[in-house]
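Just below is one structure, and these are the notes that go with it.
What follows draws every value from the coordinates through simple rules; no lab data is involved. Note that this is a predicted model, so its numbers are computed, not measured. Virtual Cβ from ideal backbone geometry, glycine too; neighbours counted across all protein chains shown.
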Amino acid sequence: MTDTSIEAREIDRSQMRVSDELAIEITDMNKWYGTFHVLRDINLSVYRGERIVICGPSGSGKSTLIRCINRLEEHQSGRIIVDGTELSSDLKNIDKIRSEVGMCFQHFNLFPHLTILENCTLAPIWVRKVPKREAEETAMHFLTKVKIPDQANKYPGQLSGGQQQRVAIARSLCMRPRIMLFDEPTSALDPEMIKEVLDTMIELAEEGMTMICVTHEMGFAQAVANRVIFMDQGQIIEQNEPREFFNNPQSDRTKLFLSQILGH
Amino acid sequence: MSDTHAQTVRFVRESMLPPAEPPTKERGAVKWVRENLVSSWLNAILTILSIYFIWYVVSHVAPWFLNGIWDASSLSECREIRDATLGPDAEAACFAVIADRWQQLLFGFYPQDQYWRPVLALVAFFVALAPVLFPGLPKRMLWFTAASPFVMFFLIWGGSIWGPIFIALGFVIGWLVWRFLAPVAGPILALIAAIIVPILYWYFVAGLAATEAGGLIPIGLERVESRDLGGFLLSIIIGLSGIILSMPLGILLALGRQSDLFLINKVSVGFIETIRGVPLIVWLFTAQLILGYFLPPGTTFDITLRVIIMVTLFSSAYIAEVVRGGLAALPKGQYEAADALGLDYWKSMRLIILPQALKISIPGIVNTFIGLFKDTTLVVFIGLLDPIGFSNAIRASTDWNGIYWELFVFIGVLFFIFCYSMGRYSLYLEKKLAREHR
Ligand SMILES: Nc1ncnc2c1ncn2[C@@H]1O[C@H](COP(=O)(O)OP(=O)(O)OP(=O)(O)O)[C@@H](O)[C@H]1O
Ligand SMILES: [Mg+2]
């Protein structure tokens, strides 16, 4: 665990308001890989402004769950409604939802043949049809926000892992998403880079972004999440607000998991 | 301090060392020879053997080459000159055959006073290619690139200028149909319409319109028949058209083979496997015999065009496999990141996937192109007079009966120049992209 830095930081909660408007609604969702039942009866409502952390042992289906939200994976039964639009095989809906939902991956997945600036302007120009000048201004705005405006003309391969992940965040933000998904954004990074990425994510939370993060950074969960979800074997085992979740876990699996990751 | 040290010695550097020259034996020619030629006994023996081999080859070929006779009107005259000047046992090439027949080897039976046309077409080709090969050039040049196939066609074959214009118009029509139908009817329907409408247009309208326009405003160049095209000109026409046309087709086939859509996938796989599984020469015979049956009665379909179509299909199957390798080599994350940003299939292919996949595939693509270019010499078997065909014809004449090497050396050098330049360009591109993207 590398969380000392976060506790030292004063979190500004003034903008972190959870509204009663639904951002994501998942009901009775099931998914199989072939015959393997990865996600079982998932029910989850996410309200606008919520910061949700999903944790659980490896292979429990965390990635699969958030990848279903922007249809990188297809679910086989149940419903997923994102921003009022239901995910079905209708391609128009899928593209619409994808342009509203930003996603950051464990391995950044920047486009290595484009510069940092081009990485950030590509989707706004080609999907949102924003004029190039304007897209570049927006990109510079967000690159400044993640504190790497001076790297704009470099290629991703010339940046450190932490910088690349921050570019990836900026790239998603350039589409002005209403929801951000993070899939273990810090787990491919060295400890000193984890902090810079988490700081960026905390800033986002402070601005009221709806976020779902798969992460094992429990310090981050305690500091900014308003709900922690524990998954195991494709099911949601327990969810609670962070203090209760960490201090007073109910299920035995949760206790075991927490003792394993907090224990040493 | 760990206890492996018995004691700790304090040390602080007071003056910095200036960089020094490396020792002599580590530099220059001596070092190079030591490292590259005689670094071990085995290496030394191999070096000596190689030097002997090179000397053997050069000592036999060089006199033949340097004694070459350029000025004679027949092989027997060559021999007389050699006997008179060098003696009957001397080795001497008779390059006079090239001096005598270079026009045929290069241009076939193309009318001599019109040689400027194919030459100009080649220049046009390089101008058209420049903005594609060297991205630094102004984008506006690409308009010429788009028009260049028709310009080159007109220059080489001549005839009325209206033919190429009305054929080109078909592509514009297809593009317009796509442009205006795609937002209304969806991409699949629009694509089908954008293919069918131009075909109908070419079939029923284009020929008639061209004849009418030609009647009203007759502009054109002297017509050159396909059977008069020959020599290296023919190789270039077939090779370059094949290369240019097979590239987009190959990419589409590679995407088709990767597609989840059942029908598209199976058609692509079937096409690629069929084309690859049968020798090119069989396809060329097919082109000669069968392709004519599929055409509307009364139209004679030019044999050169038929061969170009076959060569294109053949190499597109290979390109498809090379590109598929590149597509498969890309990490899955690239596809996912493109999807997650909301790019649709064609945009993510065009902007994210293909630029990277093609970059990986450059060596394989160029390799395929070089192979294709040399395979054009197979057309000699269906009676077209490419350089090899002409070398046979030249040998069949009484003047040059019995001459072999000189012609083959000349033809070999011509092909080598083209293939070697392609290879060099591919290296340049690889280096450039590697520098940019790392
Ligand atoms: N494409 C796939 N095909 C088949 N099985 C898969 C596929 N992707 C994931 N799985 C399986 O589904 C289960 C859930 O995977 P998932 O990646 O969602 O786990 P996770 O909770 O994110 O784990 P981790 O913490 O290791 O990232 C795993 O058992 C995995 O082996
Ligand atoms: Mg995962």
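Cross-link partners among lysines for B:LYS332, C-alpha distance below 19 Å, same-chain residues fewer than 8 apart left out? By straight Cα distance, B:LYS332 reaches A:LYS62, B:LYS347, B:LYS359.
For chain B, the membrane-span-like helices by this rule, meaning whole DSSP H stretches whose C-alpha atoms cover at least 30 Å of axis and whose Kyte-Doolittle mean is -0.5 or above, are B:41-66, B:162-185, B:231-258, B:303-329, B:405-436; this says nothing about an actual membrane. Close amide-amide hydrogen proximity is noted between A:ALA23 and A:VAL46, A:TYR47, A:ARG48, each under 5 Å apart and 5 or more residues distant or on a separate chain (H modeled in the peptide plane; Pro and chain starts excluded). Take the Cα radius of gyration of segment A:146-264 and divide it by 2.2 N^0.38 Å, N being the number of residues; the result is 1.18.
For chain A, the C-alpha radius of gyration sits at 0.99 times the compact-globule guess of 2.2 N^0.38 Å, with N the residue count.
Can you find, among A:LEU204, A:LEU114, A:PRO242, the residue farthest towards the positive end of the dipole of the protein assembly as shown? Put +1 on the C-beta of Lys and Arg, -1 on that of Asp and Glu. Comparing the listed Cα positions along the dipole, A:LEU114 ranks first.
When every Cα-Cα distance of segment B:227-437 is counted in 5 angstrom steps from zero, the calculated P(r) takes the values 1, 7, 12, 15, 16, 14, 11, 9, 6, 4, 2, 1, 0, 0, 0 percent. Cα-based values for segment B:14-85, radius of gyration first and Dmax second, are 24.9, 86 Å. Taking a straight Cα-Cα cut-off under 13 Å and skipping sequence neighbours fewer than 8 places away in the same chain, the aspartates and glutamates within cross-link reach of A:LYS255 are A:ASP232, A:GLU238, A:GLU244. Ranking B:PHE373, A:ALA188, B:TRP32 by how far each Cα lies toward the positive end of the dipole of the protein assembly as shown (charges on Cβ) leaves B:PHE373 at the top. In whole angstrom, note down how far apart the Cα centers of segment B:187-265 and segment B:373-424 are. When both Cα centres are located, 28 Å separates them. If you restrict to DSSP beta bridges whose two residues both lie in the protein assembly as shown, what percentage is antiparallel, to the nearest 5? Among the beta bridges of the protein assembly as shown, antiparallel pairing accounts for roughly 60 percent. Expressed in units of 2.2 N^0.38 Å, where N is the residue count, the Cα radius of gyration of segment B:160-221 is 1.31. The lysines whose alpha-carbon is closer than 16 Å to the alpha-carbon of B:LYS266, local same-chain residues fewer than 8 away aside, do not include any residue. Cysteines in chain B that lack a partner Cβ within the 4.7 Å cut-off: B:CYS419.
Using 0.36 nm per residue of separation minus the Cα-Cα distance, give me the extension gain between A:ASP190 and A:ASN43 in nm, one decimal. Numbers along the way, then the final one.
Working: separation 147, 0.36 × 147 = 52.92 nm, distance 3.45 nm.
In short, 49.5 nm is gained.
Restricting the GluC sites (Glu not before Pro) of segment B:7-96 to loop positions (DSSP other than H, G, I, E, B) with no more than 16 neighbouring Cβ atoms within 10 Å leaves B:GLU14, B:GLU91. When chain A is treated as a GNM with alpha-carbon contacts under 10 Å, the residue of A:VAL38, A:VAL101, A:VAL228 showing the greatest mean-square fluctuation is A:VAL38.
The Rg/Rh ratio for the protein assembly as shown, using Cα coordinates for both the radius of gyration and the Kirkwood hydrodynamic radius, is 1.09. Near the amide H of B:GLY220, within less than 5 Å, lie the amide hydrogens of B:ILE161, all on another chain or at least 5 residues away, with H placed in the peptide plane. Across every pair of non-identical alpha carbons in chain B, the mean reciprocal distance, once inverted, gives a Kirkwood radius of 26.9 Å. Under 5 Å between amide hydrogens, built in the peptide plane, is the criterion, and for B:SER397 it picks out nothing among residues at least 5 positions away or on other chains.
In chain B, once you exclude exposed chymotrypsin sites (Phe, Trp or Tyr not before Pro) (DSSP loop, at most 15 other Cβ within 10 angstrom), what's the longest stretch remaining?
On the way: sites that count: B:PHE11, B:TRP70, B:TYR115, B:PHE301, B:TYR404.
The segment B:116-300 is the longest one with no such site.
In chain A, what % of DSSP beta bridges are antiparallel (nearest 5)? Don't jump to the answer; show the numbers that get you there.
Numbers: 20 of 37 bridges.
Bridges in chain A are about 55 percent antiparallel.
Using a 10 Å cut-off on Cβ to Cβ distances, tally the other chain neighbours for every residue of A:110-120 and report the average as a whole number.
On the way: counts 3, 10, 9, 9, 5, 2, 0, 0, 1, 2, 0.
What the average comes to for A:110-120 is 4.
Go ahead and estimate [θ] at 222 nm for chain B from helices alone: -39,500 (n - 2.57) per DSSP H run with n ≥ 4, summed, over the residue count, rounded to 500. Result for chain B, helices only: -22500 deg cm²/dmol. For segment B:14-20, putting each phi into the Karplus relation 6.51 cos²θ - 1.76 cosθ + 1.60 with θ = phi - 60° gives couplings of 9, 10, 7, 7, x, x, 10 Hz, in residue order, rounded to whole numbers and with x for Gly and Pro.
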